[in-house]
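Enquirer: One structure coming up, written as structure tokens, with questions to follow.
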Amino acid sequence: IAALQKGGDSFPLTVASGKVLGKALRSCDKSSKPVYVSVGHKISLDKAVRLTHSCCLYRVPEPIRQPRTR
């Protein structure tokens, strides 16, 4: 996690075989814990990381922070 210096920095999470499972993203400059991002349906890992970072005003992305309305 020390490799993440500023908001928007990310590094790949790999297994012993070298396969990339996702990325750890520092969502904002003030956050100390990373957000873990993985690929989705019809979206690449890099696009998922960019989309997640663009939704982060704070550590947790806004779609998750917003209260659910029923």
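Readers should treat all values here as calculations from the given coordinates under stated rules, not as data from a laboratory. In this text the structure is predicted, and so the values were computed from the model without any measurement. Cβ sites come from the backbone with ideal geometry, for glycine too, and all protein chains shown count toward neighbours.
Enquirer: Under the classification rounded if a/c is under 1.5, otherwise prolate if a/b is larger than b/c and oblate if not, where does region 2-53 fall, given a ≥ b ≥ c as square roots of the Cα gyration tensor eigenvalues? Spell out each step's value before the answer.
Expert: Working: a/c = 2.73, a/b = 1.32, b/c = 2.08.
The shape class here is oblate.
Enquirer: Please work out how much length the chain gains when fully extended from ASP9 to LYS30, using 0.36 nm per residue of separation minus the C-alpha to C-alpha distance, in nm with one decimal. Show your work: numbers first, answer last.
Expert: Numbers: separation 21, 0.36 × 21 = 7.56 nm, distance 1.25 nm.
Additional length available on full extension: 6.3 nm.
Enquirer: Provide the per-residue ³J(HN,Hα) series for region 21-27, in order, calculated from phi with Karplus coefficients 6.51, -1.76, 1.60 and θ = phi - 60°, each as a whole number of Hz, with x at glycine and proline positions.
Expert: Using θ = phi - 60°, the values come out as 8, x, 9, 9, 10, 8, 6 Hz.
Enquirer: How much FRET efficiency would the formula 1/(1 + (r/R0)^6) give for LYS42 and ALA16, where r is the Cβ-Cβ distance and R0 is 35 Å, rounded to 0.05?
Expert: 0.80
Enquirer: Using the per-residue mean of other Cβ atoms lying within 10 Å as a proxy for protection, in what order, highest first, do the peptides 25-33, 39-47, 13-21 fall?
Expert: Peptide ranking by packing, descending: 25-33, 39-47, 13-21.
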